[in-house]
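So the structure is just underneath, and the comments pick up after that.
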Amino acid sequence: MPRAGGLIVLSNHISDCDPLVSQLACPRGMQFMSKSELWEIKWLGKFMSWWGNFSVKRGEPDRTSLRIASELAKSGAVVCIYPEGQISEDGKLQPLKAGAALIVRMAGVPVICCGMTGNDKVMPYANLVPRPAFGWVTATWGEAKTFGDDATNEDIIAWAEADLRRLIGEPSS
């Protein structure tokens, strides 16, 4: 984990408690790209903004969120993105969205993957009430990588998918 400078974190998404767990596992403060629907709940939207999060409109090209993410990273922030675009119902890695690769290319900063496991036992899919989990919740960090100007979205997505699968112990597809 680079201790200074802009950084993009790409993490799998298995639970609503992922941002809290990944922030606790990260030695630096992070800003999260979060679904815009969370801002529709007034108190939650205010909390999300206070925490430094920014919204993304899922299911459509959201140029504003792409710009915000890349500018934050360029300015030295750690930006966390869940490139699957939604929580996995079965805990398995879903296809990664190309927008994450575009942000990596636009920002030109290192990117690191964080593989999360066990969070879905604390807060299962579609359950907003945490429960005791008998087992460990883990956030496993990969190695930071910087992509050159010649990297394509496909190169970045393939690297991120392979690294996330390795970090969560899931076989390659």
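The values are calculated or read from the model by the stated rules, or taken from the named source; none is laboratory data. Quick caveat: nothing in here was measured; it's all calculated off a predicted structure. Don't worry about glycine lacking a Cβ; one is built from the backbone with ideal geometry, like all the others, and counts go over all protein chains shown.
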Considering residues that are under 14 Å from the mean Cα position of the chain (by Cα), at pLDDT below 95 and either among the aliphatic types (A, V, I, L, M) or more than 16 Å from V9 (Cβ to Cβ) (or both), the number found within the range 137-167 is 1
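Among the residues of the range 36-49, is there at least one that is assigned to a loop (DSSP other than H, G, I, E, B), surrounded by fewer than 14 Cβ atoms within 10 Å (Cβ to Cβ) and free of Cβ contacts under 8 Å to residues at least 24 places away in the same chain?
Looking only at the range 36-49, we keep the residues that are assigned to a loop (DSSP other than H, G, I, E, B), and these are 41.
Going one step further and asking which of them are surrounded by fewer than 14 Cβ atoms within 10 Å (Cβ to Cβ), we end up with 41.
Now drop any that are not free of Cβ contacts under 8 Å to residues at least 24 places away in the same chain, which leaves 41.
Yes, there is a match, as at least one residue in the range 36-49 is assigned to a loop (DSSP other than H, G, I, E, B), surrounded by fewer than 14 Cβ atoms within 10 Å (Cβ to Cβ) and free of Cβ contacts under 8 Å to residues at least 24 places away in the same chain.
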Filter result for S65 (surrounded by 14 or more Cβ atoms within 10 Å (Cβ to Cβ), in a helix (DSSP H, G or I) and touching a Cys at 6+ places or on another chain (Cβ under 8 Å))
no
Out of the residues in the range 15-53 that are of a type in the set (A, V, I, L, M) and under 19 Å from L72 (Cα atoms), which is modelled with the lowest pLDDT?
M48
Counting just the residues of the range 115-136 that are surrounded by fewer than 12 Cβ atoms within 10 Å (Cβ to Cβ) and more than 14 Å from G169 (Cβ to Cβ), which one comes out modelled with the lowest pLDDT?
F134
